[in-house]
Every structure is written in structure tokens, then in C-alpha cells.
1. For region 102-120, enumerate the residues that are under 14 Å from Ile6 (Cα atoms), out of contact with any His (no Cβ under 6 Å at 6 or more places or on another chain) and modelled with pLDDT of 95 or more.
2. Condition (residue is over 16 Å from Phe14 (Cβ atoms) and either free of Cβ contacts under 8 Å to residues at least 24 places away in the same chain or surrounded by 12 or more Cβ atoms within 10 Å (Cβ to Cβ) (or both)) applied to region 135-149: is it met by at least one residue?
3. Only one of these conditions is not met by Ile243: (1) in a helix (DSSP H, G or I); (2) at pLDDT 95 or above; (3) closer than 20 Å to Thr90 by Cα. Which number is it?
4. Of Ile138, Ile126, Ile80, which residue is over 30 Å from Glu201 (Cα atoms), in contact with a Leu (Cβ under 6 Å, 6 or more places away or on another chain) and not in a loop (DSSP other than H, G, I, E, B)?
5. From the list Gln157, Gln167, Gln175, pick out the single residue that is modelled with pLDDT of 95 or more, of a type outside the set (Gly, Ala, Ser) and part of a loop (DSSP other than H, G, I, E, B).
6. Residues of region 231-248 being charged (D, E, K, R) and loosely packed, with under 14 Cβ neighbours inside 10 Å, which ones?
7. Considering only region 95-141, how many residues are more than 13 Å from Ser83 (Cα to Cα) and under 10 Å from the mean Cα position of the chain (by Cα)?
8. List pairs: first in region 73-84 and of a type in the set (S, T, N, Q), second exposed (fewer than 15 other Cβ atoms within 10 Å of the Cβ), Cβ under 7 Å, 6+ apart or cross-chain?
Amino acid sequence: MNTFNIFTLFPEMFTALDYGVIGIAKSKGIICINTINIRDFSKNKHKKVDDYPYGGGFGMLMTCQPVFDAIKSLPKAHTIYMSPKGKVLTQKRAMELSNFEKINILCGHYEGIDQRIIDSLIDEEISCGDYVVTGGEIPAMLLVDSISRLIKGVLPQPESYTDESHQDNLLESYQYTRPEEYNGLMVPKILLSGHHKNISEFRLAQSIYLTYVKRPDLLEHRKINKTEYKIFTIYYPELKDDIIKFVE
């Protein structure tokens, strides 16, 4: 069983993970999600967990004592702090983290946390994007979801996560379902052909196209091999000169 221990001031928010695929995985005992209320560990008579920053500045910071005591109340595990200063979460990192049996996730609040918490207890900081939200709870849910769906038994078929956006640094191709025609809009004929090789090549070409148009930055790292380039030019000949700079 893979276990997530989430340290938060708002444990009730994580009931969102009781639904859908993640909720089913919890009920089957494939994953375990524990929420630990940091406020329960405060030694302040009013259960206060924040204070003003030294040196002045806007807002409040979460203090050391309740966070230290909360995290140290459990056996040591790989500990992540959800932070806009962290490395942006990628599919590759989610896959790597799916191999950890136990992960601690700390959700910050207010204007952040005392740096000594990070220096002493945190193994890595992760961001869910280049933007700021009011707390670490929603980013923590995104992290748990992205990791959990990669754990064996959570999704019904491995293909569900091996053929999707970002899995190979390419965006997923367009998807269609029944009916074949709706309001004059047709499903591409090749998807109805039953020719698996042609369908696979069509989807690959479309994935490269969508990545080039929407996220060309991904191609800087992923690159395109000569065979893929040849397939791509069959379906998008007008872009053969534009995309050749990404061919290795």
C-alpha cells in the first residue's frame, strides 16, 4: 500500500479525494491518505500556529513548533513541501514519486512557513505551476492524484496512463467517441478504419502537431527522431520545414 501523510490546517478539504478513481483506490486499500491537523500539535493555549515575520513584512508565517511536532509524530518518510518556490511538477517526477511507499506532504498557509522547517524537515519543494494560491491543500491534492493514478491497480488498464498527455513529453492526440457524425461534424475516417498501425501513426503525428502548436517548449527536451519526422510530414507536409529544428 502506498501511503500519503498530509500535514494541513484544513484536513476537511481532502474529502475531495474520496471520489472517483482515487476514492475507489482508497476503498480497495491500494493507497492510504492520512490527514494530520497541524493545529492539534500547537502548544499555544489558543492553538495558534502563525506569527509575524522577523524583519517585518506583509502577512504571517507558520511557526516551527506545531509543524515540527506534527511531522515528527510519524516515522520518517520522504517529505515534500508544496511551494511556489519549488520545481514545477512534471509527469516524470510523478512517476518517480509513485515508487515511494510513504510520502509526507506539508501544506503551507498564510505567507509561508519558517525557513527552519524547510531546512530541517523538507526533502524537496514542489510547485504545481507558476502562480500563487491561498494554501497548499489544492496543490497537495493535485500531487496525490497525479502520483496515485500511476500506482499499480489504481487505473483499470496500464494503457490509461501510458498513452496520454505528457507521458512521452508529447500532448495527447484528439479523442472522439460515438456517434460518428454529430451536427455535421465527423470523426476522422482513419480512426474508423480498424487499421491499428495507421491509427497509431496518425495519433503520433497529431500529438507532435499539438505539442508544436501548444507547448513547443516540451519539444526542446523531448526531440523528434527521424522515423517520427517522416510520419509527421505525411499528415502535416506544410510544417515539415518548421518542425525540422526539433529533429535529432
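The values are calculated or read from the model by the stated rules, or taken from the named source; none is laboratory data. The shown structure was predicted, so the numbers you read here are calculated from the model rather than taken from an experiment. Quick reminder, even Gly has a Cβ in these numbers, built from the backbone with ideal geometry, and neighbours come from all protein chains shown.
1. First, pick out the residues of region 102-120 that are under 14 Å from Ile6 (Cα atoms): 102-109.
This time we only want the ones that are out of contact with any His (no Cβ under 6 Å at 6 or more places or on another chain), so: 102, 104-109.
Correct list: Lys102, Asn104, Ile105, Leu106, Cys107, Gly108.
2. yes
3. Of the numbered conditions (1) in a helix (DSSP H, G or I); (2) at pLDDT 95 or above; (3) closer than 20 Å to Thr90 by Cα, the odd one out for Ile243 is (3).
4. Details: Ile138 fails: in contact with a Leu (Cβ under 6 Å, 6 or more places away or on another chain); Ile80 fails: in contact with a Leu (Cβ under 6 Å, 6 or more places away or on another chain).
Criteria check complete, one pass: Ile126.
5. The match here is Gln175.
6. Glu238, Asp241, Asp242, Lys245, Glu248, listed by residue number.
7. Number satisfying all stated conditions: 2.
8. If the second residue must be exposed (fewer than 15 other Cβ atoms within 10 Å of the Cβ), the pairs left are Thr79/Asp123.
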